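*Asks:* Take this structure, written in structure tokens, and hold onto it; I'll ask about it next.
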């Protein structure tokens, strides 16, 4: 290998390392889930840009084993004991409820969480129709809600996913 090739390789390595450690200017949002409806459910959900979608990453504990509905809701108010203050699903386009990856659906529709035997669930999903902004079309200042039952992706208006067992307000960090 020539001296020139070695220097080019070293320069490229240094440049890649610098880019990897540089702070991102892209907005990142987070919601800390707090238990509601007498549950013990807690966790953290983060939202970050992924092209024209939003990458949603959730770590949730205290669930019953199995599937649980998981949605962005209209209001960021999680103050009610049953999280009813979070209102309905985030739905700025006034669409029917459905499966988050295809067909007509609310902007706040997301995949079910799947809890293991210990009650822990982790999910990473790219979700369209969301933006990391405030205002009518954005999710900043809204809430994320975890439900007791699975979302069937069909029942209107919210997938028959049962009571709200956790809620957290989505805030920029």
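The values are calculated or read from the model by the stated rules, or taken from the named source; none is laboratory data. Keep in mind it's a predicted model, so treat the numbers as computed, not measured. Positions of Cβ are backbone-derived with ideal geometry, glycine not excepted, and every protein chain shown enters the neighbour counts.
*Asks:* Which of the residues belonging to segment 85-116 are surrounded by fewer than 19 Cβ atoms within 10 Å (Cβ to Cβ), in contact with a strand residue (DSSP E or B) (Cβ under 7 Å, 6 or more places away or on another chain) and closer than 20 Å to residue 166 by Cα?
*Replies:* 87, 88, 114
*Asks:* Tell me, yes or no, whether segment 124-133 has at least one residue that is part of a strand (DSSP E or B) and touching a helix residue (DSSP H, G or I) at 6+ places or on another chain (Cβ under 8 Å).
*Replies:* no
*Asks:* Given (1) closer than 18 Å to residue 32 by Cα; (2) in a loop (DSSP other than H, G, I, E, B); (3) more than 14 Å from the chain's Cα centre (by Cα), identify the lone condition not met by residue 165.
*Replies:* Residue 165 satisfies all of (1) closer than 18 Å to residue 32 by Cα; (2) in a loop (DSSP other than H, G, I, E, B); (3) more than 14 Å from the chain's Cα centre (by Cα) except (2).
*Asks:* Kindly indicate the residue of segment 143-162 that is within 19 Å of residue 42 (Cβ to Cβ) and surrounded by 23 or more Cβ atoms within 10 Å (Cβ to Cβ) and also nearest to the chain's Cα centre (by Cα) among those meeting that condition.
*Replies:* Of everything passing the filter in segment 143-162, 144 is nearest to the chain's Cα centre (by Cα).
*Asks:* Going by what's in this entry, would residue 24 be described as modelled with pLDDT of 95 or more and not in a helix (DSSP H, G or I)?
*Replies:* Criteria not met by residue 24.
*Asks:* Taking the stated definitions as given, is residue 28 exposed (fewer than 15 other Cβ atoms within 10 Å of the Cβ), in contact (Cβ under 8 Å) with a residue 40 or more places away in the chain and touching a strand residue (DSSP E or B) at 6+ places or on another chain (Cβ under 9 Å)?
*Replies:* For residue 28, the condition - exposed (fewer than 15 other Cβ atoms within 10 Å of the Cβ), in contact (Cβ under 8 Å) with a residue 40 or more places away in the chain and touching a strand residue (DSSP E or B) at 6+ places or on another chain (Cβ under 9 Å) - is met.
*Asks:* Next up: Taking segment 143-158 as the search range and keeping residues that are out of contact with any helix residue (DSSP H, G or I) (no Cβ under 8 Å at 6 or more places or on another chain) and more than 16 Å from residue 114 (Cβ to Cβ), which one is modelled with the highest pLDDT? Please lay out each step first, then the result.
*Replies:* So in segment 143-158, the residues out of contact with any helix residue (DSSP H, G or I) (no Cβ under 8 Å at 6 or more places or on another chain) come out as 144, 146-158.
Now restrict to residues that are more than 16 Å from residue 114 (Cβ to Cβ): 144, 154-158.
Numbers: 144: 97, 154: 86, 155: 84, 156: 86, 157: 86, 158: 80.
The extreme case among them is 144.
*Asks:* Of all residues in segment 117-130, count the ones that are surrounded by 13 or more Cβ atoms within 10 Å (Cβ to Cβ) and either modelled with pLDDT of 90 or more or over 16 Å from residue 49 (Cα atoms) (or both).
*Replies:* Looking only at that region, the number is 7.
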